[in-house]
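Coordinate-derived values only; no laboratory data. As the structure is a computational prediction, the values presented were derived from the model and not from experiment. Neighbour counts run over all protein chains shown; Cβ positions are idealised from the backbone, glycine included.
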């Protein structure tokens, strides 16, 4: 649900309703209504939220479920929310039903030769499982070469990654708290 995702993103970044309202040039009341599902943001507003939270706008789409009993519980393979494009060398799909829980699960596909050049530091605990391919991850200055079946975990440490292989690498990534 869009409202819950916006609330989860705000909380994950430690921002108040007032701070969000100020950054968006909107009232606190409007932001509160969006978070409670009482107001629907325009496409321009959703672009502003995406820029503010540094997430792709596609995160806010794809909430459809065929069976209402599955909402917030099940994500069908054909209904995952895409979080990137092949142009960046990284395509991700949200495997979690939403961002409202204490963690998110993402399927990340790293193109052959793709890399994150500069280390990324997030205030999160992260873990991953390599499904296929060759995946290298630098955690706190130490490179680790992983292949299918290998896994990793780290907390609040700078990291970067690369796919040195000739085939895509697929990694199931778990992040707590959710950052997308």
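One table, with the values for the structure above:
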quantity	calculated
Nearest 10 degrees, 0 to 90: helix 43-53 Cα axis against the chain principal axis	50
Stretch gain in nm, segment residue 138-residue 47, where the contour uses 0.36 nm per residue and the Cα spacing is subtracted	29.6 nm
Value at 222 nm in deg cm²/dmol, rounded to 500, when DSSP H runs of n ≥ 4 in the chain each add -39,500 (n - 2.57)	-6000 deg cm²/dmol
Angle between the chain longest axis and helix 2-12 axis [Cα atoms, degrees, rounded to 10]	70
Cα→Cβ-extended label distance, 7 Å offset, between residue 88 and residue 19, nm	2.2
Estimated inter-spin distance, residue 67 and residue 129, nm [label 7 Å along Cα→Cβ]	2.3
Cα→Cβ-extended label distance, 7 Å offset, between residue 173 and residue 36, nm	3.5
Size of region 109-153 as Cα extents on the principal axes (Å, biggest first)	27, 21, 18
14 Å cut-off, amide nitrogen to a point 7 angstrom out along residue 148 Cα→Cβ, residues in region 116-132	130-132
